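For reference, the structure discussed in these notes is given below.
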Amino acid sequence: MGFGARITGWGSAVPDTVVTNAEFEGRLATSDEWITERTGIKERRWGGTTSSLSIEAGNAAIKRAGLSAADIDLLILSTTTPDQAVPATSAVVSHKIGTSGGAFDLNAACAGYVYAMVVGRAMIGAGVNKKVLVLGADTLSRITDMDDRGTAILFADGAGGVVLEATEDQDDFLGWDLGVDGSAQPILYADHGSYLRMEGREVYKKAVRVMVESAEIAMHRAGVTSDDIALCVPHQANIRIIEAACNRLSIPMERASVVLDRFGNTSSGSIPLALVDAEERNRLNPGDLVLFSGFGAGMTWASAVVRWSGN
Ligand SMILES: CC(C)(COP(=O)(O)OP(=O)(O)OC[C@H]1O[C@@H](n2cnc3c(N)ncnc32)[C@H](O)[C@@H]1OP(=O)(O)O)[C@@H](O)C(=O)NCCC(=O)NCCS
């Protein structure tokens, strides 16, 4: 067999500023009770830049892998909120961290992190790279209309990522699925220099459907069923979306990682934040199968079944 990939390091970063639901009360026609019941979010973090959060998360992941920055031969940064239109934020992040080889940004909205992991695995599988830093970072607070109660309460800032290393003996990436349906563009978008606009209910309905279908395809390709999944790491948009998707996939909620109550929807940051949180709570053991599943504007969706082998 050719090269496979393992996750050997992981890290995350969030800004210091905590914004509670109570802080929206009075300013917007909403309440802590409404936000908690309809979304599961209690508080979120706002602040930092996409590059500053990426650098912190990337340094932590490289340290956890026991590597030095120069060992990394490719950096992929999933983001929808680059610091500047040009250059790609990954250029700045690569420079500040000190990685070798190439670097590029990838934009597949909130599904972008799983897209980026699959691209990283593919580069390793093709024999092009040996050690890939896959980061996901977004500062959605910069493109959120703080006067719109339908979106201001949801979106937030955060980052996370993993180091993928080439292996010759085993491949921890067992199956994956990537998809897109651009006909859904009108239900979630941001024009250049403008705020995110969303038809929440439409996004909600499609999100559950695409997550379930995509996760089923990835599990089928991996040759496993939901009974084999030790941990589900879903995109953190709304607790009701996660509950509905897990229910349809027959994955009990005890086997899902949920951090949206503390961090809200951080787009590309959300899946690695949920992964790192699960690892820190000792919820992952070597050999465990992890199901990643995300969806986002586009609509995009992506799922992957990855064996956790630790480091
Ligand atoms: C946005 C979302 C929380 C709204 O919850 P919902 O149960 O679908 O509520 P609806 O959109 O049907 O709105 C119900 C009512 O609540 C109102 N409402 C919306 N936001 C509110 C808020 N923050 N506080 C109080 N009321 C609110 C709506 O205006 C609507 O009022 P109306 O009945 O008078 O028109 C939910 O649709 C959602 O999470 N969608 C997916 C969003 C998502 O995941 N986006 C990111 C994708 S990566």
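Take the Cα of LYS63, step 7 Å toward its Cβ, do the same at GLN84, and the gap between the two points is 2.8 nm. When only DSSP loop residues count, what GluC sites (Glu not before Pro) in the stretch 122-227 have their Cβ near at most 16 other Cβ atoms within 10 Å? In loop regions of the stretch 122-227 (DSSP not H, G, I, E or B), the sparsely surrounded GluC sites (Glu not before Pro) are GLU168, GLU199. Would you look at the GNM of the chain, springs on alpha carbons closer than 10 Å, and say which of PHE24, PHE292, PHE263 moves the most? Maximum among the listed residues: PHE24. In the elastic network of the chain, a GNM with C-alpha springs shorter than 10 Å, the most mobile of ALA126, ALA111, ALA60 is ALA126. Mean-square fluctuations from a GNM of the chain, with a 10 angstrom spring cutoff on Cα atoms, peak among LYS131, LYS205, LYS42 at LYS205. To the nearest 0.05, what FRET efficiency results for GLU199 and GLU168 with a Förster distance of 35 Å applied to their C-beta separation? Efficiency at R0 = 35 Å is approximately 0.15. For ALA103, the residues whose amide H sits under 5 Å from its own are LEU75, ignoring neighbours fewer than 5 places away on the same chain, with H placed 1.01 Å from N. The charge dipole of the stretch 92-186, taken about its Cα centre with unit charges on the Cβ atoms of Lys, Arg (+1), Asp and Glu (-1) only, comes to about 320 debye. Between ALA237, VAL290, SER226, the Cα set farthest toward the positive side of the dipole of the stretch 173-307 (charges on each charged residue's Cβ, about the Cα centre) is that of ALA237. Among the lysines, select those whose C-alpha is under 27 Å from the C-alpha of LYS205, and discard any that sit fewer than 8 residues away in the same chain. Excluding near neighbours in sequence, the set is LYS42. Neighbour counting of Cβ atoms within 10 Å sorts the residues ILE242, ILE271, fewest neighbours leading, into ILE242, ILE271. Farthest toward the positive end of the dipole of the stretch 1-126, out of SER52, ILE72, TYR113, is the Cα of ILE72, where the dipole comes from beta carbon charges about the Cα centre. Only one residue of PHE155, PHE173, VAL259 has its Cα farthest out toward the positive end of the dipole of the chain, where Lys and Arg carry +1 and Asp and Glu -1 on Cβ, and that residue is PHE173. Taking the DSSP beta bridges with both ends in the stretch 4-167, the antiparallel portion is around 65 percent. For LYS96, a cut-off of 28 angstrom between C-alpha atoms picks up these lysines, skipping any fewer than 8 places away in its own chain: LYS63, LYS130, LYS131. Of all DSSP-defined beta bridges confined to the stretch 166-304, some 70% are antiparallel rather than parallel. For the stretch 222-237, in order, what is each residue's ³J(HN,Hα) by Karplus, 6.51 cos²θ - 1.76 cosθ + 1.60 with θ = phi - 60°, in whole Hz (x at glycine and Pro)? Once θ is set to phi - 60°, the couplings for the stretch 222-237 become 7, x, 10, 10, 4, 5, 7, 7, 7, 8, 9, 10, x, 4, 9, 10 Hz. In a simple Cβ point-charge model (Lys, Arg +1; Asp, Glu -1; nothing else charged), the chain has a dipole of about 120 debye relative to its Cα centre.
In order along the stretch 167-176, phi translates into HN-Hα couplings of 10, 9, 8, 8, 10, 7, 8, 8, x, 7 Hz, rounded to whole numbers, per the Karplus curve 6.51 cos²θ - 1.76 cosθ + 1.60 with θ = phi - 60° and x for Gly and Pro.
Under a 5 Å amide H cut-off, with hydrogens placed 1.01 Å from N, ASN129 pairs with ILE124 among residues at least 5 apart or on other chains. Consider a paramagnetic label point 7 Å from the Cα of ASN285 along Cα→Cβ; state which residues of the stretch 295-311 have an amide N under 19 Å from it. From the stretch 295-311, the list is 306-311. Placing a pseudo-label 7 Å from each Cα along the Cα-to-Cβ vector at GLN185 and ASP145 gives an inter-label distance of 2.0 nm. Using only side-chain charges placed at the Cβ, +1 for Lys and Arg and -1 for Asp and Glu, the dipole size of the stretch 173-307 relative to its Cα centre rounds to 180 debye.
Sequence-ordered 3J(HN,Hα) estimates for the stretch 274-291 from the Karplus curve with 6.51, -1.76 and 1.60 and θ = phi - 60° stand at 5, 5, 5, 4, 5, 5, 5, 8, 6, 8, 10, 10, x, x, 4, 9, 10, 9 Hz, glycine and proline given as x.
Sorting the segments 189-195, 179-185, 44-50 by their mean number of nearby beta carbons within 10 angstrom, highest to lowest, gives 44-50, 179-185, 189-195. Under 13 Å from the Cβ of PHE173, count the other residues' Cβ atoms, weight Lys and Arg +1, Asp and Glu -1, and hand me the total. That works out to 0.
Peptide packing for 12-18, 274-280 was compared via the average number of neighbouring C-beta atoms within 10 Å per residue; ordered from the highest value, the list is 274-280, 12-18.
Rule-based calculations on the coordinates, nothing more; no lab input. What you see is a predicted model, and the numbers here were worked out from it, not measured in a lab. When we count neighbours, we look across all protein chains shown, and the Cβ atoms used for this are built from the backbone with ideal geometry, even at glycine.
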